[in-house]
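Okay, structure first, notes after.
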Number of protein chains: 4
Amino acid sequence: MEPVTVSFSRDDNLDAPVLIEGLPGIGHVGKLVADHLIDELEGEMIAEISSLHFPPQVVVDEQGVTHLVNNKVYRSEKNGKAVLFLVGDFQSSSAPGHYILTERYLDIAESLGVRRIYALGGYGVGHLVENPRVLSAVNMERLRPEVEAAGGSFENAGSEGVIVGASGLLLGLGEVRGIEGICLMGETSGYIADPKSADNLLSVLSRLLGIEVDHTSLQQRAGEMEQLIARVREAEEAKGREELSYIG
Amino acid sequence: MEPVTVSFSRDDNLDAPVLIEGLPGIGHVGKLVADHLIDELEGEMIAEISSLHFPPQVVVDEQGVTHLVNNKVYRSEKNGKAVLFLVGDFQSSSAPGHYILTERYLDIAESLGVRRIYALGGYGVGHLVENPRVLSAVNMERLRPEVEAAGGSFENAGSEGVIVGASGLLLGLGEVRGIEGICLMGETSGYIADPKSADNLLSVLSRLLGIEVDHTSLQQRAGEMEQLIARVREAEEAKGREELSYIG
Amino acid sequence: MEPVTVSFSRDDNLDAPVLIEGLPGIGHVGKLVADHLIDELEGEMIAEISSLHFPPQVVVDEQGVTHLVNNKVYRSEKNGKAVLFLVGDFQSSSAPGHYILTERYLDIAESLGVRRIYALGGYGVGHLVENPRVLSAVNMERLRPEVEAAGGSFENAGSEGVIVGASGLLLGLGEVRGIEGICLMGETSGYIADPKSADNLLSVLSRLLGIEVDHTSLQQRAGEMEQLIARVREAEEAKGREELSYIG
Amino acid sequence: MEPVTVSFSRDDNLDAPVLIEGLPGIGHVGKLVADHLIDELEGEMIAEISSLHFPPQVVVDEQGVTHLVNNKVYRSEKNGKAVLFLVGDFQSSSAPGHYILTERYLDIAESLGVRRIYALGGYGVGHLVENPRVLSAVNMERLRPEVEAAGGSFENAGSEGVIVGASGLLLGLGEVRGIEGICLMGETSGYIADPKSADNLLSVLSRLLGIEVDHTSLQQRAGEMEQLIARVREAEEAKGREELSYIG
């Protein structure tokens with residue numbers, strides 16, 4: 001078995017200068033934003049990525065049909081702007097797997113002409129945040145002014161931080177290949193999906209992309225998630241547990 | 001050393017259209033049913049599978065003779081219906097190993113002309129179940145009506161479930177090869193081997209196979225297991241432990 | 001780097017019909033017996049085995065000189081009987097590594113004409129044993145009478161036991177190559193090195209080998225170990241800890 | 001992806017007879033000394049080493065720019081003495097990775113003509129030490145007198161110690177290649193970075209190298225670290241925690 005399998009469902013010209021990564025992570029902030037953008041920009045799935053570095057399981061959908069765990073590449077070209085998306089339900093289940101998968105993500109990006117990657121994620125601070133910033137990192141110093149102009153903050157720089165997983169390695173291994181990398185991290189408690197954080201991140205990202213996007217459905221999705229969280233919390237309180245559980 | 005070794009003990013025509021998987025899992029429901037069917041249908045062992053992805057150990061039999069840990073393929077052809085079985089004592093000891101082993105299981109299935117796989121397992125609910133359902137999943141939507149007609153329930157669909165290990169991957173990776181996959185999961189507490197659950201699963205499966213099977217010895221085996229559990233539980237209570245231990 | 005490296009220090013005729021394995025395990029019973037036999041039979045080291053499946057460390061000897069972690073093959077030919085020994089300080093640090101290392105041990109055995117392997121170990125019972133038995137397992141049923149005649153017990157058969165690690169796999173993977181395998185396990189508490197257990201095991205083994213061996217130094221070594229254990233225990237009691245710690 | 005990637009930034013004559021390793025370890029003693037020597041001897045970075053055996057992450061610098069996790073080789077040639085350094089932020093994230101990375105470190109050393117390696121580290125004793133010794137080990141017995149003459153102690157020999165990770169394997173695997181290896185371990189509590197220990201280690205090392213080095217900035221750096229530790233400790237005490245946390 002190949003360690004990573006990439007299956008394209010189309011083979012016509014799929015090039016795009018930009019890839020947006022929104023794999024699962026802290027507070028699922030990146031995933032929320034990427035899934036929203038795919039909806040708004042009418043993205044179409046063009047490739048599926050499966051790997052023995054993903055968890056060994058299938059997911060069962062609402063029809064009772066199983067689907068191999070995988071990540072997906074979408075592409076949209078609304079208003080003449082081509083954008084690729086890397087989304088899905090899982091990151092690697094092992095440390096070396098993160099490197100192996102990210103190199104394949106970059107192979108795909110290179111083969112489709114990608115010159116810039118936006119890696120989206122959350123920045124967990126361990127407490128609720130009233131006005132969540134969009135903290136940022138870049139893999140080439142010259143990218144910083146553009147990010148700051150769009151509202152990205154670099155106040156986290158200098159705190160000896162690290163960025164773990166696909167988001168971090170897309171910037172690190174991307175730089176080796178000369179691909180620009182910008183990581184946007186919505187400040188968030190880390191305990192719950194954070195609509196304000198995702199909303200703010202979307203604002204900065206859409207300015208960087210030069211694309212106007214409606215935020216309504218993201219706010220709705222976040223609202224539904226908040227209701228779910230509230231119900232879970234009530235159920236937990238009913239059981240007499242007091243600590244806030246991780247929901248993501 | 002090859003990561004997986006398959007040794008066939010016969011090389012005549014071993015084809016069969018159907019493979020039934022009953023490897024160990026929750027409540028050993030799948031294993032109970034598969035072992036029972038092999039007995040009833042007079043299955044014959046045709047291949048052994050050993051692998052460095054299994055635990056590094058041998059089992060000692062009643063004569064004091066050691067046997068390398070392995071899984072086995074059986075074949076029966078009672079009343080003109082050829083059926084293959086994949087059974088054994090172990091699943092992979094690592095996440096990537098599940099993928100590697102399942103691809104080999106599918107290689108065997110393909111080479112023997114298998115067009116449909118039944119993956120049997122348990123569906124743990126964490127509490128005793130009076131009337132255990134046979135919850136189901138399929139890897140192609142068109143298989144669902146047939147399963148429902150045989151008594152399989154899809155009430156679990158929509159709960160965002162996953163199927164872990166060989167059962168899940170046989171459906172997920174099997175679909176890629178065009179092999180039909182039906183997973184039948186006997187609802188069970190997850191704490192103890194559940195005779196009712198296995199009995200119900202066998203009913204649904206035999207309808208799907210179009211085979212009539214005597215349930216007596218399965219009920220006996222389950223009865224013996226219940227007695228063993230009762231003795232273990234008494235011994236534990238005698239030690240003053242109150243929590244119900246996992247027995248499988 | 002090769003996963004396993006074998007360095008022979010001699011290349012003349014090193015054949016021997018028998019290999020005795022005494023790698024570390026429960027109560028270090030096997031190791032105690034094998035090290036004693038090497039002393040008594042004046043064994044000479046003929047090969048060293050290093051591997052990335054061993055722990056990543058060196059040991060520092062009494063002169064302050066480091067030695068790469070490895071296992072060793074010794075050979076003795078006292079009184080015309082050639083015997084090989086597989087001893088050392090470590091087993092594999094991973095599950096697949098056990099398989100990979102054991103296959104290499106068997107490659108060495110086959111290349112030196114070995115037709116029978118004695119795998120020595122301990123059989124932990126969790127409490128002190130007054131008259132420790134030498135419990136046994138074989139990889140071919142026809143070997144059983146010979147072991148019983150030498151005093152090996154098969155009373156453990158039928159308890160659904162497993163033999164983990166190199167000892168188990170030497171029998172299991174050895175059988176595939178047609179090499180006879182006999183596992184002798186000295187019954188022991190599992191908490192402390194057990195001189196009586198090692199002494200009894202040596203008696204059974206020397207009958208099987210047809211070799212007379214002096215037991216004195218083994219009893220001395222065991223006595224020293226008991227004194228060490230007593231000192232450790234006193235120190236622990238002085239600290240007010242009451243549970244018996246694992247010493248091996 | 002290659003398991004280990006080595007990128008040289010210069011390809012002119014980079015030979016040196018000596019390599020000093022100061023990767024992270026107990027009390028960061030080795031790292032403190034190596035980083036200090038690079039400063040004092042005006043070392044220049046000549047190569048970067050990245051690997052899927054490192055943690056899957058990037059570090060964010062003070063400008064908000066990401067850097068792939070890697071180790072680095074520096075070279076200095078002050079006063080005509082050429083010295084190489086192996087430093088960085090990480091060791092392997094897995095046991096086999098330690099072997100694989102160390103073999104590559106030795107490939108680099110061999111290709112640059114290195115005949116001796118100094119592996120620097122800490123020797124944790126679990127309590128504060130008034131006058132920390134520089135405990136030593138060598139991979140060839142003939143090196144011992146030279147180390148003792150420079151003030152290295154071998155009082156640890158005979159305590160059945162092991163040296164784990166890159167430091168140990170550089171000596172063990174280096175010996176196989178005929179490269180001299182000397183391990184210097186500053187005695188330290190293991191809880192906090194220990195300026196006295198690093199200071200003493202530097203004295204022994206500079207005697208062995210025949211290089212005079214100013215200690216001032218090491219003492220300053222250690223002083224700053226001590227202040228940081230004091231602040232952390234105060235903060236912890238304010239939170240009512242009493243156990244001393246690991247800071248490194």
Please identify the pairs in which a residue from the stretch A:1-22 that is more than 15 Å from A:Gly43 (Cα to Cα) has its Cβ atom under 6 Å from the Cβ atom of a residue that is of a type outside the set (Gly, Ala, Ser) and part of a strand (DSSP E or B), counting only partners at least 6 apart or on another chain. A:Val6/A:Ile49; A:Ser7/A:Glu48
Across the stretch D:1-56, the tally of residues that are of a type outside the set (A, V, I, L, M, F, W, C) and more than 19 Å from the chain's Cα centre (by Cα) stands at 11
Out of the stretch B:178-207, which residues are under 16 Å from B:Gly223 (Cβ atoms) and of a type in the set (Gly, Ala, Ser)? B:Ala193, B:Ser197, B:Ala198
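Can you tell me which of C:Gly223, C:Gly161 is within 14 Å of chain B (Cβ to nearest Cβ), out of contact with any Ser or Thr (no Cβ under 8 Å at 6 or more places or on another chain) and modelled with pLDDT under 95?
On the way: C:Gly223 fails: within 14 Å of chain B (Cβ to nearest Cβ).
After applying the criteria, what remains is C:Gly161.
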Out of A:Ser76, A:Ser51, A:Ser94, sole residue that is hydroxyl-bearing (Ser, Thr, Tyr) and modelled with pLDDT under 95: A:Ser94
Would you check which residues across the stretch B:66-89 are touching a strand residue (DSSP E or B) at 6+ places or on another chain (Cβ under 7 Å) and free of Cβ contacts under 8 Å to residues at least 60 places away in the same chain and list them? B:Thr66, B:His67, B:Leu68, B:Val69, B:Asn70, B:Asn71, B:Lys72, B:Val73, B:Tyr74, B:Ser76
Test: D:Ser167 is hydroxyl-bearing (Ser, Thr, Tyr) and within 19 Å of D:Phe85 (Cα to Cα): yes
Only one residue in C:Val129, C:Val147 is in contact with a helix residue (DSSP H, G or I) (Cβ under 9 Å, 6 or more places away or on another chain) and surrounded by fewer than 20 Cβ atoms within 10 Å (Cβ to Cβ), so which one is that? C:Val129
Scanning the stretch D:107-120 residue by residue, those assigned to a helix (DSSP H, G or I) and either crowded, with 21+ Cβ neighbours inside 10 Å or away from chain C (no Cβ under 12 Å) (or both) turn out to be D:Ile108, D:Ala109, D:Glu110, D:Ser111
Going by the conditions given, is D:Gly174 crowded, with 24+ Cβ neighbours inside 10 Å and either more than 20 Å from D:Ile38 (Cα to Cα) or facing another protein chain (nearest Cβ under 9 Å) (or both)? yes
State which residue is farthest from the chain's Cα centre (by Cα) when the search covers only the stretch D:148-188 and only residues that are under 11 Å from C:Gly64 (Cα atoms) and among the hydrophobic types (A, V, I, L, M, F, W, C). D:Ala157
Only one of these conditions is not met by D:Arg241: (1) in a helix (DSSP H, G or I); (2) at pLDDT below 70. Which number is it? (1)
Identify the single condition in (1) surrounded by 17 or more Cβ atoms within 10 Å (Cβ to Cβ); (2) polar (S, T, N, Q); (3) under 25 Å from B:Ala95 (Cβ atoms) that B:Ser153 does not satisfy, given that it satisfies every other one. (3)
Go through the stretch C:28-80 residue by residue and tally those that are on the phi > 0 side of the Ramachandran plot, more than 14 Å from chain D (Cβ to nearest Cβ) and either assigned to a loop (DSSP other than H, G, I, E, B) or acidic (Asp, Glu) (or both). 1
How about the stretch A:81-91: which of its residues are at pLDDT 95 or above and either within 14 Å of chain B (Cβ to nearest Cβ) or in a strand (DSSP E or B) (or both)? A:Val83, A:Leu84, A:Phe85, A:Leu86, A:Val87
Any hit, the stretch B:77-90, residues being among the small types (Gly, Ala, Ser), under 12 Å from the mean Cα position of the chain (by Cα) and more than 30 Å from C:Thr102 (Cβ to Cβ): no
(1) over 19 Å from the mean Cα position of the chain (by Cα); (2) under 23 Å from B:Val83 (Cβ atoms): which one isn't true of B:Ala198, the others all being true? (1)
Per the filter on the stretch B:196-211, residues under 15 Å from B:Glu40 (Cβ atoms) and of a type in the set (A, V, I, L, M) are B:Ala198, B:Leu201, B:Leu202, B:Leu205, B:Leu209, B:Ile211
Suppose the filter is at pLDDT 95 or above and either over 21 Å from B:Asp199 (Cα atoms) or touching a strand residue (DSSP E or B) at 6+ places or on another chain (Cβ under 9 Å) (or both); does B:Glu21 pass it? yes
Looking at (1) out of contact with any strand residue (DSSP E or B) (no Cβ under 7 Å at 6 or more places or on another chain); (2) in contact (Cβ under 8 Å) with a residue 60 or more places away in the chain; (3) buried (at least 19 other Cβ atoms within 10 Å of the Cβ), can you tell me which one D:Arg221 breaks? (3)
Just one of B:Glu103, B:Glu180 is within 11 Å of chain A (Cβ to nearest Cβ), more than 15 Å from B:Gly22 (Cβ to Cβ) and at pLDDT 95 or above; which is it? B:Glu103
Conditions (1) in contact with a Lys or Arg (Cβ under 9 Å, 6 or more places away or on another chain); (2) under 18 Å from A:Ile182 (Cβ atoms) -> A:Val29 fails only (1)
So which residues in the stretch D:163-221 are more than 30 Å from C:Ser50 (Cα to Cα) and of a type in the set (Lys, Arg), if there are any at all? D:Lys196, D:Arg207, D:Arg221
Selection from the stretch C:90-109 of residues that are without any contact (Cβ under 8 Å) to a residue 24 or more places away in the chain and in contact with an Asp or Glu (Cβ under 9 Å, 6 or more places away or on another chain): none
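The values are calculated or read from the model by the stated rules, or taken from the named source; none is laboratory data. Source: prediction; values computed, not measured. Glycine also receives a Cβ, built like all others from the backbone with ideal geometry; neighbour counts cover every protein chain displayed.
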